[in-house]
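Below is one structure, written out as structure tokens; the observations come after it.
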Amino acid sequence: MRPHDEIAQGLDSVQVRPRRKSRKRAALQHVPRYHVILWDDDAHTYEYVIRMLMQLFGHPFEKAYQMAREVDLSGRCIVLTTTKEHAELKRDQIHAFGRDPLIEECRGSMTATIEPAGD
């Protein structure tokens, strides 16, 4: 018998078990996602909303304009879907963005909330 014949015979009795996903990897796959929702008001201009979305979210002008229009027409717009911690940060950044300098009566930033995305 040749040496590799012995090895081949031994392989017949080897059991192969499928790899289990680690708990850490499984947990990462099920991280709940949250929407950041921007709410409409009459105290902010399209220019303000577009500038804010471009600066805070990195949206290109066209997407920021579409979102500003959706906020205006629908009363709200989902501007980002992400992890809870990141959604909270982005909501807080919207709240801290400041008043609209083009509207004298404007007292502060726009309103934003977060809600579960329901994936």
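The values are calculated or read from the model by the stated rules, or taken from the named source; none is laboratory data. Predicted model only: the values in this text are computed from it and were never measured. FYI the Cβ positions are ideal-geometry reconstructions off the backbone, even for glycines, and counts take in every protein chain you see.
Filtering the range 57-66 to residues that are of a type outside the set (A, V, I, L, M, F, W, C) and either under 18 Å from residue 103 (Cβ atoms) or within 16 Å of the chain's Cα centre (by Cα) (or both) leaves 58, 59, 63. If you filter the range 67-83 down to residues that are surrounded by 14 or more Cβ atoms within 10 Å (Cβ to Cβ) and part of a helix (DSSP H, G or I), you find that the one that is nearest to the chain's Cα centre (by Cα) is 67. What residue, among those in the range 86-101 that are among the aliphatic types (A, V, I, L, M) and closer than 19 Å to residue 116 by Cα, is surrounded by the fewest Cβ atoms within 10 Å (Cβ to Cβ)? Within the range 86-101, the match that is surrounded by the fewest Cβ atoms within 10 Å (Cβ to Cβ) is 89. Here the condition is being in a loop (DSSP other than H, G, I, E, B) and at pLDDT 95 or above; of 59, 35, it holds for 59 alone. Would you say residue 34 is without any contact (Cβ under 8 Å) to a residue 60 or more places away in the chain and among the aromatic types (Phe, Trp, Tyr)? For residue 34, the condition - without any contact (Cβ under 8 Å) to a residue 60 or more places away in the chain and among the aromatic types (Phe, Trp, Tyr) - is not met. Annotation: of all residues in the range 38-56 being outside any helix (DSSP H, G or I) and within 19 Å of the chain's Cα centre (by Cα), the one that is surrounded by the most Cβ atoms within 10 Å (Cβ to Cβ) is 38.
Against the criterion of being at pLDDT 95 or above, closer than 25 Å to residue 32 by Cα, of a type outside the set (Gly, Ala, Ser) and in contact with a His (Cβ under 7 Å, 6 or more places away or on another chain), residue 114 qualifies.
When the range 84-119 is filtered for residues that are within 12 Å of residue 52 (Cα to Cα), outside any helix (DSSP H, G or I) and either touching a Cys at 6+ places or on another chain (Cβ under 6 Å) or of a type in the set (Lys, Arg) (or both), the ones remaining, listed by number, are 99, 100. Of all residues in the range 102-119, those that are closer than 18 Å to residue 82 by Cα, surrounded by 11 or more Cβ atoms within 10 Å (Cβ to Cβ) and either without any contact (Cβ under 8 Å) to a residue 60 or more places away in the chain or charged (D, E, K, R) (or both) total 1.
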